[in-house]
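Colleague: Following this message is one structure expressed as structure tokens.
The values are calculated or read from the model by the stated rules, or taken from the named source; none is laboratory data. Predicted model, so just to flag it, every value in this text is computed and none were measured. Heads up, the Cβs are rebuilt from the backbone with ideal geometry, glycines too, and the neighbour counts pull from every protein chain shown.
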Amino acid sequence: MSTHGFIGGIAKLAAASLVASALISGTAFAGPTLDKIKQRGTIKVGVGTTPGFFSPDSNGRWQGFFIDYGRALSIAVFGNPDKVEFTNSSPQQRLPALQSGEYDILLSGVTVTATRAFKLGFHFGPTLFYDGQGILVRKDLGVTKAADLDGATIGAQSGTTGELNVADFFRKTGKTFKPVTIEDTGQFIAALESGRVDAITQDSSDLVGKRTQLKKPDDYIILPERLSKEPLAPAIAGGDDRWLEIVNWTVNATIQAEEWGITSANVDQFLKSEDPAIQRFLGVDPAFNQALDLDPKWAYNVIKTVGNYGEIFDRHLKPLGWDRGYNRLWTNGGLLYSPPFR
């Protein structure tokens, strides 16, 4: 082969490589959801109504564990925690609304499942809360474990994984139960207190909140079994890699900050850290976040405003009696782990 031909071959390969890089870059950065968010000037978030996780206060302002992550995303995209709109809807309405583009993201305690990923086309961010389905019963039934509920009437919410989970549990244990499908979660309390059902089953995170709403909470207990694994994560529609990565790394930032001991109260002190990883994370070294096409101070602003994962958990869930459990950092025996910021 001549030198000219060799050089020409290299040139063609280089050109092809540039085209491929451009296509990859275009795929990674082109994003219909993120484009709509920026044009609209707000992020539309679908939520539920479980105290501690998401509920409006007396002034109508949304508060809660998942709500803080909506505000964190608003900071990452706009540099402002309030460019976000929270809307409550039922589980039956939320998933189709996400598919149709009515919401940009669900922060409503969505369980990650293969069906939702493959059939519905959803992408999930990191697990925000490791949960499991439980059963809330009246103490006067005298039961101490789920298997004791043979023949009991149990309420489950339609359109959730709970219906299948409770049926699977009783089938495996060889026991029977009478299912009562309840569409509106607001009816769970009335059904339990009126005796229409002997027990209700939902994610244990929901049941903790439901128990606080009962007229006599001490008359009810959550049984110790967990009928399922319920990893709750942000859910978005497929087709926008850029939006997915912003969701991923915003969640990771709160976890990584807790691991480093960075809080909303001391984050300014960490600006003086000589650790290069912390300098990149907080934007002291702006090159890293500029390369990500994000405001160099985005992670700093998230932590300064909403705090790290532990702060968010303690602010909203600890007062309800929640123990961190699996939601501890991996360094403390839990499952929370952030990939490196580099």
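Colleague: What do you reckon, is Phe313 surrounded by 21 or more Cβ atoms within 10 Å (Cβ to Cβ), part of a helix (DSSP H, G or I) and in the same structural domain as Gly125 (by TED's automatic domain parsing)?
Modeller: The answer is yes for Phe313.
Colleague: Which ones in the range 122-157 are closer than 30 Å to Tyr69 by Cβ and assigned to a loop (DSSP other than H, G, I, E, B)?
Modeller: Within the range 122-157, Gly125, Pro126, Thr127, Leu128, Gly132 qualify.
Colleague: Checking Lys36 against (1) within 19 Å of the chain's Cα centre (by Cα); (2) at pLDDT 95 or above, which test does it fail?
Modeller: For Lys36, the exception is condition (1).
Colleague: Another question, if that's okay. Can you work out which of the residues in the range 256-308 that are polar (S, T, N, Q) and in a helix (DSSP H, G or I) is surrounded by the fewest Cβ atoms within 10 Å (Cβ to Cβ)? Working first, answer last.
Modeller: To start, the set of residues in the range 256-308 that are polar (S, T, N, Q) comprises 256, 263-264, 266, 269, 273, 279, 289-290, 301, 305, 308.
Those still in the list that are in a helix (DSSP H, G or I) too: 256, 269, 279, 289-290, 301, 305.
On the way: Gln256: 25, Gln269: 10, Gln279: 18, Asn289: 21, Gln290: 12, Asn301: 19, Thr305: 16.
Once the filter is applied, the top-ranked residue is Gln269.
Colleague: Only one residue in Phe53, Phe65 is modelled with pLDDT under 95, crowded, with 22+ Cβ neighbours inside 10 Å and touching a helix residue (DSSP H, G or I) at 6+ places or on another chain (Cβ under 6 Å), so which one is that? Spell out the reasoning first.
Modeller: Values: Phe65 fails: modelled with pLDDT under 95.
None of the others qualify; the one that does is Phe53.
Colleague: Of the numbered conditions (1) closer than 23 Å to Leu320 by Cα; (2) surrounded by fewer than 22 Cβ atoms within 10 Å (Cβ to Cβ); (3) without any contact (Cβ under 8 Å) to a residue 40 or more places away in the chain, Phe188 fails exactly one; give the number of that condition.
Modeller: With respect to (1) closer than 23 Å to Leu320 by Cα; (2) surrounded by fewer than 22 Cβ atoms within 10 Å (Cβ to Cβ); (3) without any contact (Cβ under 8 Å) to a residue 40 or more places away in the chain, Phe188 is out only on (2).
Colleague: Let me ask another. Considering only residues that are among the hydrophobic types (A, V, I, L, M, F, W, C) and in a strand (DSSP E or B), look in the range 173-198 and name the one that is farthest from Pro91 (Cα to Cα). Show your work before the answer.
Modeller: As a first pass, look at the range 173-198 and keep what is among the hydrophobic types (A, V, I, L, M, F, W, C): 177, 180, 182, 188-192, 197.
Okay, now just the ones that are also in a strand (DSSP E or B), so 177, 180, 182.
Working: Phe177: 23, Val180: 17, Ile182: 12 Å.
So the residue we want is Phe177.
Colleague: For the range 123-164, give me each residue that is among the polar types (S, T, N, Q) and either modelled with pLDDT under 90 or over 24 Å from Pro96 (Cβ atoms) (or both).
Modeller: Just the residues of the range 123-164 that are among the polar types (S, T, N, Q), to begin with: 127, 133, 144, 153, 157-158, 160-161.
Within the range 123-164, Thr144, Thr153, Gln157, Ser158, Thr160, Thr161 qualify.
Colleague: When Ile200 is evaluated against the numbered criteria (1) surrounded by 23 or more Cβ atoms within 10 Å (Cβ to Cβ); (2) under 23 Å from Lys318 (Cβ atoms); (3) of a type in the set (A, V, I, L, M, F, W, C), which criterion, by number, is the only one it fails?
Modeller: (2)
Colleague: Go through the range 138-182 and give me each residue that's buried (at least 19 other Cβ atoms within 10 Å of the Cβ) and within 29 Å of Leu335 (Cα to Cα).
Modeller: Result: Ala146, Ala156, Gln157, Thr160, Thr161, Gly162, Asn165, Val166, Phe169, Phe170.
Colleague: On the given criteria, is Lys119 surrounded by fewer than 22 Cβ atoms within 10 Å (Cβ to Cβ), over 20 Å from Val208 (Cα atoms) and either under 22 Å from the mean Cα position of the chain (by Cα) or not assigned by TED's automatic domain parsing to the domain that holds Lys215 (or both)?
Modeller: The answer is yes for Lys119.
Colleague: Right, here's the next one. Condition first: touching a residue at least 40 places away in the same chain (Cβ under 8 Å) and either assigned to a helix (DSSP H, G or I) or touching a Pro at 6+ places or on another chain (Cβ under 6 Å) (or both). Now tell me which residues in the range 50-75 satisfy that.
Modeller: Selection gives Phe65, Phe66, Ile67, Asp68, Tyr69, Arg71, Ala72, Leu73, Ile75.
Colleague: Based on this model, can you work out whether Thr153 counts as among the polar types (S, T, N, Q), without any contact (Cβ under 8 Å) to a residue 60 or more places away in the chain and touching a Lys or Arg at 6+ places or on another chain (Cβ under 6 Å)? Give the steps one after another, and end with the answer.
Modeller: Details: among the polar types (S, T, N, Q): yes; without any contact (Cβ under 8 Å) to a residue 60 or more places away in the chain: yes; touching a Lys or Arg at 6+ places or on another chain (Cβ under 6 Å): yes.
So Thr153 passes the test.
Colleague: If you don't mind, there's one more thing I want to ask. Would the range 219-237 turn up any residue that is part of a helix (DSSP H, G or I) and in contact with a strand residue (DSSP E or B) (Cβ under 9 Å, 6 or more places away or on another chain)?
Modeller: Taking every residue of the range 219-237 in turn, at least one turns out to be part of a helix (DSSP H, G or I) and in contact with a strand residue (DSSP E or B) (Cβ under 9 Å, 6 or more places away or on another chain).
Colleague: Could you check the range 87-121 and list, in sequence order, the residues that are free of Cβ contacts under 8 Å to residues at least 24 places away in the same chain and in a loop (DSSP other than H, G, I, E, B)?
Modeller: If the condition is that a residue be free of Cβ contacts under 8 Å to residues at least 24 places away in the same chain and in a loop (DSSP other than H, G, I, E, B), then Lys119 is the only one that fits.
Colleague: Here are the criteria: (1) among the hydroxyl-bearing types (Ser, Thr, Tyr); (2) surrounded by 17 or more Cβ atoms within 10 Å (Cβ to Cβ); (3) at pLDDT below 95. Tell me which single one Ser74 does not satisfy.
Modeller: (3) is the only condition that Ser74 fails.
Colleague: Also, quick follow-up: So, of the residues in the range 323-342 that are within 25 Å of Asn289 (Cα to Cα) and in contact with a Phe, Trp or Tyr (Cβ under 7 Å, 6 or more places away or on another chain), which turns out to be surrounded by the fewest Cβ atoms within 10 Å (Cβ to Cβ)?
Modeller: Step one: filter the range 323-342 for residues within 25 Å of Asn289 (Cα to Cα), giving 329, 336-342.
When the remaining residues are screened for being in contact with a Phe, Trp or Tyr (Cβ under 7 Å, 6 or more places away or on another chain), the result is 336-337, 341.
Details: Leu336: 27, Tyr337: 13, Phe341: 18.
Restricting to residues being within 25 Å of Asn289 (Cα to Cα) and in contact with a Phe, Trp or Tyr (Cβ under 7 Å, 6 or more places away or on another chain), the top hit is Tyr337.
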